[in-house]
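Engineer: Okay, here's the structure, questions in a sec.
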Amino acid sequence: MSESTSSFDFNAFIKDSKETLLNPKSYFSTMRTSGGMAEPLIKAVIYGALAGIIAFLWGLLGLGALGAGFLGGAIGIMALIWYIIGAIIGLFIGAVILLIISSICKGNSDFEANVRVTASVMVIMPISAILGFTMGINSILGSVVMLGVNLFALWLLYNGLVEALKAKPETSKIVMYVLAALFVLLMISGITAKNRLNKYMGDYKDKDLKEMLKDLEDNN
């Protein structure tokens, strides 16, 4: 990891991003946990912007959840803006949550250190956006793929906790298992709700408006 400088080192950013994804244990073990808030903030903004641009392109191509054509492009532009805003907000909210987890696991409770680990884990944002086209192909496929992305994010978070924040490995594993179970439950509940909605809409596919209103009245 490069030394803190007055200007953001983009080459170091690319190198660190690759190391985070490919060799998280080594990266987090040598990551600086101090040096100012500017660097992690810029990293979060770049990751958010990249994710927003990818979501925008998927919207134009009709391969994501945003749709195609002018409407998809217009929504994509707003998505780009909100991805950046969301990345900034998510950086600090995520750092607070990570700080709480780190404290539970007897790790570093310095806020800046947790901000820096959170910013590094946010490398997952562009990856998630790249794989977002799977939601446009099939919602169940997309849900499974996003679950895999979230589980990988937990793996990065675990390494950040243990290697950078010096949290206890045993306690950190338990917390990660609990979070992984929550992600699985959320995915299952989401798929179940989607199937119920599709079934409900399918039941009314061939009915006219009067029949639908009558059924609603009967149900009430």
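Engineer: Order 41-48, 80-87, 14-21, 158-165 from most to least packed using the mean count of other Cβ atoms within 10 Å.
Structural biologist: Going from most to least packed, we get 158-165, 41-48, 80-87, 14-21.
Engineer: Contour minus end-to-end for ILE77 and LYS168, with contour as 0.36 nm per residue of separation and end-to-end as the Cα-Cα distance?
Structural biologist: Stretched out fully, the ILE77 to LYS168 stretch lengthens by 28.5 nm.
Engineer: Take the residue pairs LYS25/LYS166; LYS15/LYS43; LYS15/LYS173; LYS25/LYS173; LYS25/LYS106 and return only those whose Cα atoms are more than 23 Å apart.
Structural biologist: In this structure, LYS15/LYS173 exceed 23 Å between Cα atoms.
Engineer: Next up: Suppose the chain between ALA180 and PHE10 were pulled fully straight at 0.36 nm per residue; how much longer would it get relative to their current alpha carbon spacing?
Structural biologist: 57.9 nm
Engineer: Relative to a virtual label point 7 Å from the Cα of SER103 in the Cα→beta-carbon direction, which members of segment 10-51 show backbone nitrogen distances below 17 Å?
Structural biologist: The answer is none.
Quick note: the coordinates plus some simple rules give every number you see, no bench work behind them. The structure displayed is predicted, hence computed values, not measured ones. Glycine gets a Cβ as well: all are built from the backbone with ideal geometry, and neighbour counts include every protein chain shown.
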